[in-house]
């Protein structure tokens, strides 16, 4: 999935494809949030990105794709 860089405190890049939002954190961890519609992805990618991604994580199933570099 192609991710685009974003400007946030905790999030480095984000992408969306087939109802899955992929988030790369500055720590190096990558998570995929499932059943995220396109409108929610676009809303999460602007404004307070850290907060919006956290809210999606609280309401959607997710999978950790890659662990952080700082273990």
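The table below gives the values:
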{"quantity": "Flag for residue 41 being crowded, with 20+ Cβ neighbours inside 10 Å and either closer than 14 Å to residue 65 by Cβ or free of Cβ contacts under 8 Å to residues at least 12 places away in the same chain (or both)", "calculated": "no"}
{"quantity": "Residue tally, condition assigned to a strand (DSSP E or B) and buried (at least 17 other Cβ atoms within 10 Å of the Cβ), over the range 16-30", "calculated": "8"}
{"quantity": "Candidates 33, 41, filtered to the one that is under 9 Å from the mean Cα position of the chain (by Cα), part of a strand (DSSP E or B) and at pLDDT 95 or above", "calculated": "33"}
{"quantity": "Out of 52, 12, 64, sole residue that is free of Cβ contacts under 8 Å to residues at least 40 places away in the same chain and part of a helix (DSSP H, G or I)", "calculated": "52"}
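The values are calculated or read from the model by the stated rules, or taken from the named source; none is laboratory data. Computed from a prediction, not measured in an experiment: that's the story for all the values here. So basically every Cβ, Gly included, is an ideal-geometry build from the backbone, and we count neighbours across all protein chains shown.
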